[in-house]
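Heads up, the thing below is written out as structure tokens.
The values are calculated or read from the model by the stated rules, or taken from the named source; none is laboratory data. These numbers come from a predicted model, not from an experiment. Neighbour counts are summed over all protein chains in view; Cβ atoms, including those assigned to glycine, are modelled from backbone coordinates with ideal geometry. Accessible surface is based on the protein model in full, side chains and every heavy atom, while ligands, DNA and RNA are left aside. Shrake-Rupley method; radii C 1.70, N 1.55, O 1.52, S 1.80 Å.
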Amino acid sequence: MGKSRRSIPEELLLLALDPATGTTAQPQSLDLGLAGAQLVELALAGRIAPDGDRIAVVMPRPTGDPTLDSALELLRRRGSPVRAVHWIGGPRLGLRQIYLSHLERCGMVHAVAGQMCGVLPTTRYQATETAISRDIRSRLDSAIRTGVPPDPRTAALAALAHAVGLGKHLYPGNEGRSSRSRLRDLIRHDPMGGLVAHAVMDVQNGVAAQPRRNPAPGGRPPAVPMQPQRAGGMARAAAH
């Protein structure tokens, strides 16, 4: 898979970057969202597919993206389909930093060193390719404004943005309430994006999806309580 097109994890991270502060909105849930975004990207590449509430590897051939291929290999080693909620809730140490470093190498963000309370070293990230960020945002805005079913990539990105809580960052205040509602509604336009987004929210809420005998298209499995699992953090303090 070539790098001429930005991946969904990269786009989700660029959406979350606050241009004023250089930090990422919703840092804890964003870690879960990035793990989910990898699944969506692998599905779009034809490497995995939903199997009820589980994820199955259908083509183990590498994509050419080292970070995605690492996730694909971990899924392959499981040997059988894994529940999306369990995969997303597993440890993802440094995943956000991996993508931030990649965006920095590509020249899409610029790292700015600083200190917290005059003591703790921090790193903030400023977007340098603002046209790219505007393009990502305009795709979401267009899908929300027109009501026309978006393409699968945009639908999945919208589903993940809603799942990690970026709606209030992208469309704040009372004036953004209707846009946040329509962002949530876009979740139904992509089956894989919907499955992953619901799994992200289930992990945050401390519940796990029960397997369905006859899953309905676009439907959501029932949930039962589970112990919440820790999502991976990042190695550099201020990227949150």
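Can you give the Rg/Rh ratio of region 34-103, where Rg is from the C-alpha atoms and Rh is the Kirkwood radius?
On the way: Rg = 11.5 Å, Rh = 12.2 Å.
Radius of gyration over Kirkwood radius for region 34-103 works out to 0.94.
Taking every pair of Cα atoms in region 2-134, average 1/r, invert it to obtain the Kirkwood radius, and report Rg/Rh to two decimals.
When Rh is taken as the Kirkwood radius, the ratio is 1.01.
At a probe radius of 1.4 Å, what is the per-residue accessible area of HIS189, in Å² to the nearest 10?
60 Å²
How large, in percent, is the carbon and sulfur part of the accessible surface of region 64-139 at a probe radius of 1.4 Å?
Percent of accessible area from carbon and sulfur atoms in region 64-139: 57.
Run through all the Cα pairs of region 67-140 and give the fraction in each 10 Å bin from 0, expressed as whole percent.
15, 31, 30, 22, 3
I need the calculated FRET efficiency for the pair SER138 and ALA111, taking r as the beta carbon distance and R₀ as 22 Å, to the nearest 0.05.
So the FRET efficiency works out to roughly 0.25.
What is the Cα coordinate range of region 95-202 on the first, second and third principal axes, sorted by size from largest, in whole angstrom?
46, 29, 28
With a 1.4 Å probe and all protein chains left in place, how much accessible area per residue does region 1-146 have, in Å²?
Accessible surface, normalised per residue, equals 45 Å².
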